[in-house]
Every structure is written in C-alpha cells, then in structure tokens.
Amino acid sequence: MAFIVNDSMALAKRLGADGVHLGRTDGDVREARALLGPSAQIGKTCHDSRHFAMEAGEAGADYVAFGAFYPTTTKPSNYRPAPSILTWWSSLFEIPCVAIGGITPDNAKPLVDAGADFIAVCQAVWGKDDPAAAARAFTEVLKP
C-alpha cells in the first residue's frame, strides 16, 4: 500500500511519503520528481482536460486524475468530465488514470467500466461511522 500526500511536495518529502498528488496549482510534475526522486509516485489532477493529461504524461506523471465526476464536498469542483474521457485515455496511453470526485459504491461502476484504473474516494469512506465497512462496500464494484 502506498502513502501518497495530497497537494504538497514539501510535506511528502518531509514525511518520506511514497509520492504526491498534485492539483492544478500545486506545482509541476518535473519539480516533484526532482524533489522526491525517481521512485516516487507522482500524480496530477487534469480535471476534464485531455490536454492537461497529455502534458502531465509527457512531464513524467505516474498517473493522471480526472474529475470531479460527481458533486463533492471534499474539494468542490465545477468540472464534470464524462466517463468517456477515461475510455479515451486508457485506449491511447499506458499511464494509469484515476477517477476523482464524489465517488460512492453506488456510482463508481460506470467509471470503472469506462476505464478508470483507480478510484479516489474520501467522504464515501472517511465520512462514515465505520470507514472499514464503507471501504468494503466498494469490493463488488471493483471486482475485475
């Protein structure tokens, strides 16, 4: 299991994290690679932009993230990409893609079916009284 710090290269470095996820304004993938080293896992938010995703891939990102696919209170976003962006990405590129934003066990399947290699969840797990049970609720939708 990897420990990825959200939004802060400096914190990822200080904690010895396995990597960092960079939002659009959190810095450059190349800068993160120089700071964290060649084995760090570095991801980049691309919202609904194919262009941003290609730039992140060219810069050396280990994964690209699209979203928010659904309304979310964790990081409210006006971006609402169609699941087809996941299909487009996974059919052309080997770099994994992550679906982000408002994902629950009830709405994750279309994203997985569209080609998401990973899903990022927050409130669907940590916003519940029993986070372990909430995480297990994703088991069925994530089966290959």
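The values are calculated or read from the model by the stated rules, or taken from the named source; none is laboratory data. For clarity, every value in this text was computed on a predicted model and none was experimentally measured. Cβ placement follows ideal geometry from the backbone for every residue including glycine, while neighbour counts extend to all protein chains displayed.
Of note:
- Condition check for Asp106: charged (D, E, K, R), surrounded by fewer than 16 Cβ atoms within 10 Å (Cβ to Cβ) and out of contact with any Pro (no Cβ under 7 Å at 6 or more places or on another chain): yes
- Pro105 being assigned to a loop (DSSP other than H, G, I, E, B) and not acidic (Asp, Glu): yes
- The residue that is farthest from Ile85 (Cα to Cα), counting only those in the stretch 108-144 that are acidic (Asp, Glu) and assigned to a helix (DSSP H, G or I), is Glu140.
- When the criteria are applied in full, Ala56 fails the requirement of being surrounded by fewer than 16 Cβ atoms within 10 Å (Cβ to Cβ) and among the aliphatic types (A, V, I, L, M).
- Scoring Lys75 on the criteria (1) over 21 Å from Ser8 (Cα atoms); (2) modelled with pLDDT under 95 leaves a single failure, condition (1).
- When restricted to residues that are closer than 16 Å to Pro71 by Cβ, aliphatic (A, V, I, L, M) and in contact (Cβ under 8 Å) with a residue 40 or more places away in the chain, the stretch 94-126 contains 3.
- Inter-residue pairs, beta-carbon under 7 Å, first more than 13 Å from Ala116 (Cβ to Cβ) and in the stretch 132-144, second buried (at least 18 other Cβ atoms within 10 Å of the Cβ), 6+ apart: Ala134/Ala124; Ala134/Val125; Ala135/Val125; Ala137/Pro105
- Cross-chain or 6+ apart pairs with Cβ under 9 Å, the stretch 53-71 first and at negative phi, then polar (S, T, N, Q) and assigned to a strand (DSSP E or B): Ala56/Thr45; Asp62/Gln41; Tyr63/Gln41; Val64/Thr45; Ala65/Thr45; Phe66/Thr45
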